[in-house]
Amino acid sequence: MSGGVTTIQGFRSKFAGTDSCVRHDANTANSRRRHALQSLVHALWVCAWMVVLASAPQRVWAGSDTWADVSDVTQYVPLAWVVMRTYHATDGEGAFQLAAAGITTVGSSELLKRITNQKRPNYRPGDRKRSFPSGHVAKAWFAAAHLQRRYGCYELEWSCWRESAIPYVAAVATAIGRVRADRHHVSDVIASAAIAEVWVRLTTDRFDDDMRIAPTFENGFGIAFFKEF
């Protein structure tokens, strides 16, 4: 009798183990599908911004100091935004990853400038070249991309993207400003955005917490911090 009980218990234990493996395999498969979907959404997000940049008119108001001044300011908006977000999250690891993304993005952009030594659209004899890629866009874009990857998500929901909406708009404004000010070719700003996305992908991972920072339009425009308890 005891042998029969032992056999039944052993069978149950073996069955439970098999069931656990099946659940684990299913969870792994679901996780892979979810990751693939998120990567696809991210790629579509980046491509959409690339289309916006590619549609920026070349040589509109060529040499405009106004557009140059605008891009000089907007290039720092994403960085200020993500620094504020990192500070309020007390995210030391995120600060390190932000620095790594910035150093690699800006560093590789500056290296490419010296290697390619491409003429700017408004180049005159005696001017410094170094048009490709855009340093302004590199600075703006890596901060926006880091904010999205670190504190956002890649689901088809507004809550995943609202934190990085303003930084990305500022980065795009920087890119368009550099083109319209006749400081860069469209290819220069697209390359900078692509370089930033690649380096952020390599240096930044997801931070899970319950705080969000996002624009709010209640009683006028403002910035709101959301905390879940």
Worksheet, complete the sentence: residue 165 fails exactly one of (1) within 20 Å of residue 69 (Cα to Cα); (2) touching a Pro at 6+ places or on another chain (Cβ under 9 Å), namely (1)
Discussion item. Being modelled with pLDDT of 85 or more and either buried (at least 22 other Cβ atoms within 10 Å of the Cβ) or charged (D, E, K, R) (or both) is the requirement here; does residue 171 meet it?
Written reply: yes
Discussion item. Being surrounded by fewer than 20 Cβ atoms within 10 Å (Cβ to Cβ), hydrophobic (A, V, I, L, M, F, W, C), modelled with pLDDT of 90 or more and over 10 Å from the mean Cα position of the chain (by Cα): is that true of residue 156 here?
Written reply: no
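I want to confirm something. Restricting to region 84-101 and keeping residues that are surrounded by 16 or more Cβ atoms within 10 Å (Cβ to Cβ) and either of a type in the set (A, V, I, L, M) or touching a strand residue (DSSP E or B) at 6+ places or on another chain (Cβ under 6 Å) (or both), which single residue is nearest to residue 165 (Cα to Cα)? Spell out how you get there, then give the answer.
Within region 84-101, the first condition is being surrounded by 16 or more Cβ atoms within 10 Å (Cβ to Cβ), and the residues that meet it are 85-86, 89, 91, 94, 97-98, 100-101.
Cutting the leftovers down to either of a type in the set (A, V, I, L, M) or touching a strand residue (DSSP E or B) at 6+ places or on another chain (Cβ under 6 Å) (or both) gives us 85, 89, 98, 100-101.
Numbers: 85: 14, 89: 18, 98: 18, 100: 22, 101: 19 Å.
Only one residue tops the list, namely 85.
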Discussion item. What pairs come out if I take residues in region 191-206 that are not acidic (Asp, Glu) and pair them with residues that are not in a helix (DSSP H, G or I) whose C-beta lies under 6 Å away, six or more apart or interchain?
Written reply: 191/133; 192/133; 192/134
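So in region 87-105, with the set limited to residues that are without any contact (Cβ under 8 Å) to a residue 60 or more places away in the chain and assigned to a helix (DSSP H, G or I), which one is nearest to the chain's Cα centre (by Cα)? Spell out the reasoning first.
Within region 87-105, the subset without any contact (Cβ under 8 Å) to a residue 60 or more places away in the chain is 87, 90, 92, 95-96, 99, 102-103.
Then drop every residue that is not assigned to a helix (DSSP H, G or I), which leaves 87, 92, 95-96, 99, 102-103.
Numbers: 87: 18, 92: 18, 95: 15, 96: 16, 99: 14, 102: 12, 103: 15 Å.
Looking at residues that are without any contact (Cβ under 8 Å) to a residue 60 or more places away in the chain and assigned to a helix (DSSP H, G or I), I get 102.
Does residue 115 qualify as being within 19 Å of residue 197 (Cβ to Cβ) and either at pLDDT 85 or above or in a helix (DSSP H, G or I) (or both)?
Details: within 19 Å of residue 197 (Cβ to Cβ): no; either at pLDDT 85 or above or in a helix (DSSP H, G or I) (or both): yes.
Taking the combined requirement at face value, the residue does not satisfy it.
The values are calculated or read from the model by the stated rules, or taken from the named source; none is laboratory data. These numbers were taken from a predicted model, which means no experiment stands behind them. When we count neighbours, we look across all protein chains shown, and the Cβ atoms used for this are built from the backbone with ideal geometry, even at glycine.
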